[in-house]
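So the structure is just underneath, and the comments pick up after that.
Since every read-out is calculated from the coordinates, none of them should be taken as a lab result. What you see is a predicted model, and the numbers here were worked out from it, not measured in a lab. Every residue, glycine among them, receives a Cβ derived from its backbone with ideal geometry; neighbour counts consider all protein chains shown.
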Amino acid sequence: MQLLRSRADLQQWRRQAALLHFVPTMGALHRGHQSLIERGVEPVAGTRPQVLVSVFVNPLQFGPDEDFARYPRTLEQDAELAAAAGAAALFAPALAELYPLGEAELTRLQPPDSLQEVLCGRHRPGHFNGVATVVLRLLGLIRPDRLLLGEKDWQQLVILRRVIADLGLPLEVVGCPTCREDDGLALSSRNRYLSAAERQSAAALPRALRNAHARANPGQDLAAATAAVRAELEAAGLVVDYVEAVEPHSLRPRSQLQGLTLLAAAVHCGPSRLIDHLFLMSRQPIVAIDGPAGAGKSTVTRAFAERLGLIYLDTGAMYRAVTWLVQNRGVDPADAAAVAPLLEGLDLQLSTAAAGSQRVRVNGDDVTEAIRSPEVTAQVSLVAAHGCVREALTRHQQAMGERGGLVAEGRDIGTAVFPDAELKVFLTATVAERARRRALDLQQRGFSVPPLMELEAQIAERDHLDSSREVAPLTQAHDAEELITDGLSIEAVIERLVTLFRTRVPQEAWPDPAR
Ligand code: PAF
């Protein structure tokens, strides 16, 4: 592993790194930092990245009464631990290397107040300005493809994600789960300040949070929950800076448990200030994927759901199932009044069979294959446009979503069915790209292929109809992430979805089943 001490060394080394992942640290490395490095060396689409670790005790992020002077500086040992975890280089600049004109002359960054007014920001004024300033300075010098940060410093992760997004920097930010000791204490460089007795008391921090987690229930009053944690921490002799419950991304305070909620605390234990958090959930996560026809939603949604251990809720199959029922009962599919009675007491079951394939049952009949027939395909749009059908199936889908733990795909999923989904994605592709895919599909299935211009016109017309129809028009939810899939392989789209999911739902709240 290369030890780089100057910007010149860094620039020289940087030239040979094709895919570079970056782990910034203040040194005093431990297993938590090593887990970031190990995550960083994992191949991306078959390419092995190099990991660069920085060690720099950044004065800008310490308050006047904080531990800058005595912060552990253990470069030799850091180099050994970084190398053992697979780092290719360690950048350990002196102060003058990083801030050559001095601190007074430095351009500083100021992340939004709303993200700094809570949690640690309120108790450490200027801390996150200092963090953002140094990290952006390092990113400018290192120009990595990916930045890996610990979820342990959740507020730091949220703030850096925002700063990087606001400045439009072309890199991915990956959060990695907290590493803990056997008794639950989160690993931290500051744990080494603790005496044996303090170390024992420190375990009360994760314990109090875990107890709150065990007591959590949907709709719970969070003021009472945080007060209970505070009392438990104080009883263990810890001096509490804060115990707060907030929405994990905006960091806005939450008074009732709904969706994913961050419960975070900071305490003083002897000479150390310790932080920790966990996530409370009123239900398991929901991902809503909408988008125009022909953007490849079903294929990627199914695979994405499997990757994350979520259930795939194929709402299209539900509309097809109702269409099948309408046809099977000989009802006119255009006649809403005749269709409505079929929806009363409708028993519609979706179940996942081996290898992620889904079985569909209507009133006890297995219609998995039947709903893919050309007859159903020809009439599903007509049936799905009836208000009574939309309402019945929306109710059905919402009931299925009560426990969460699913990825739902459909035309109005993010807007009408699950407006409070943790992640909403508008999966789309240009008309030209969808026409190209349609042509390929027709060709592969042995059908004659109309000219591309004709396919494009048909797709544009369908988009227009879908977006302008009265019932459940296709619209992009205001808080949906747009994912344009032109030129991306299916695997690459799934990767992007997983990355988006992880920006909304951390590993700690919903771990990857494969990891
Ligand atoms: O998390 C840390 O160790 C520091 O805040 C960081 C990101 C290295 C910036 O100095």
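Can you give the angle from 0 to 90° between the axis of helix 374-384 and the longest principal axis of the chain, with both taken from C-alpha atoms, to the nearest 10? The angle comes out at about 70 degrees. Placing +1 on each Lys and Arg Cβ and -1 on each Asp and Glu Cβ, with no other charges, gives the range 1-148 a dipole about its Cα centre of roughly 380 debye. Orientation-averaged projection of the range 351-407 equals 5.1 nm² [convex hull of Cα atoms, one quarter of hull surface area]. Ordering Leu149, Gln16, Thr503 by the projection of their Cα atoms onto the charge dipole of the chain, which places +1 on the Cβ of Lys and Arg and -1 on the Cβ of Asp and Glu, puts Gln16 at the extreme positive end.
The distance from the alpha carbon centre of the range 364-423 to that of the range 104-130 is 45 Å, rounded to a whole number. Near Gly404, the amide H atoms lying under 5 Å from its own belong to Gln284; only residues 5 or more places off or on other chains count, and H is placed 1.01 Å from N.
Per DSSP helix of 4 or more residues, -39500 (n - 2.57); summed, then divided by the residues of the chain. What does that give at 222 nm, rounded to the nearest 500? Working shown, then result.
Values: 18 runs with 205 residues, N = 515.
Taking each H run of at least 4 residues, the total per residue is -12000 deg cm²/dmol.
Based on C-alpha pairs under 8 angstrom that are at least 6 apart in sequence, the range 180-317 has a relative contact order of 21 percent.
The base-10 log of I(q)/I(0) for the range 1-131, evaluated at q = 0.09, 0.13, 0.16 Å⁻¹, reads -0.31, -0.64, -0.93 [Debye formula, identical scatterers on Cα atoms, solvent excluded]. Put the Cα centre of the range 131-179 next to the Cα centre of the range 229-270 and the gap is 23 Å.
Relative to the longest principal axis of the Cα atoms of the chain, helix 452-468 runs at roughly 80 degrees.
Evaluated on the range 305-444, the Kirkwood hydrodynamic radius is 16.3 Å, with distances taken between all distinct Cα atoms.
Projecting the Cα atoms of Leu313, Ala370, Ala340 onto the dipole axis of the chain, where Lys and Arg carry +1 and Asp and Glu carry -1 at the beta carbon, places Leu313 farthest toward the positive end. Once you place label points 7 Å from the Cα toward the Cβ at Leu106 and Arg372, how far apart are they in nm? Label at Leu106, label at Arg372, 6.0 nm between them. Computed on the range 24-66, the Cα convex hull volume stands at 79 Å³ per residue. Tilt of helix 297-308 relative to the longest C-alpha principal axis of the chain, in degrees (0 to 90, nearest 10)? Taking Cα atoms only, the helix is inclined about 40 degrees. For the charge dipole of the range 390-456, defined by +1 on Lys and Arg C-beta atoms and -1 on Asp and Glu C-beta atoms about the Cα centroid, which residue among Gln398, Val449, Val417 has the Cα displaced farthest towards the positive pole? Sorting the options by dipole projection puts first Val449.
In a reduced charge model with +1 at each Lys and Arg Cβ and -1 at each Asp and Glu Cβ, the range 146-268 shows a dipole moment near 120 debye about its Cα centre. Extent along the principal axes, Cα only, for the chain: 81, 55, 40 Å, with the longest axis given first.
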